[in-house]
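To start, the structure under review is shown below, and the notes come after it.
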Amino acid sequence: MTIEEVTARYPECRRVFHRYGVSAFEGPEVPRKPILFFAADHNITPKQLITELNEAIKRRKLREKRWLYRCIYSIRRIWPSRGIEKLRKAG
């Protein structure tokens, strides 16, 4: 995958690339080279770069999961269980 493809699919990875000097993520200035070439150009191992990218993706998924649980908890506090059932049936 190229840097452009990775940052389009996983915006949370921009921070990792920014750490290594990539500042443009849209338009013609986006580096279109594969991430393995990017790693070689910046003297880091491909394994290290891929590990950092995977960690960034996992952190985002964890944040999303926490947000979802907070929403569910708030709904349960506001509406009794019967109200939740009515919401599920409605929609």
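Contact map, the range 29-56: residues that are touching a residue at least 12 places away in the same chain (Cβ under 8 Å) and at positive phi paired with residues that are among the aliphatic types (A, V, I, L, M) and loosely packed, with under 13 Cβ neighbours inside 10 Å, Cβ distance under 9 Å, separation 6+ or inter-chain. No pairs are found.
This table checks each residue for (1) modelled with pLDDT of 90 or more; (2) within 30 Å of Y20 (Cβ to Cβ); (3) assigned to a helix (DSSP H, G or I).
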position: E52; (1), (2), (3): yes, yes, yes
position: R59; (1), (2), (3): no, yes, yes
position: W67; (1), (2), (3): no, yes, yes
position: C71; (1), (2), (3): no, no, yes
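Of the helices (runs of 4 or more DSSP H) contained entirely in the range 1-48, those carrying at least 2 residues that are within 26 Å of E64 (Cβ to Cβ) and modelled with pLDDT of 85 or more fall at 3-9, 14-19.
The values are calculated or read from the model by the stated rules, or taken from the named source; none is laboratory data. The shown structure was predicted, so the numbers you read here are calculated from the model rather than taken from an experiment. Glycine gets a Cβ as well: all are built from the backbone with ideal geometry, and neighbour counts include every protein chain shown.
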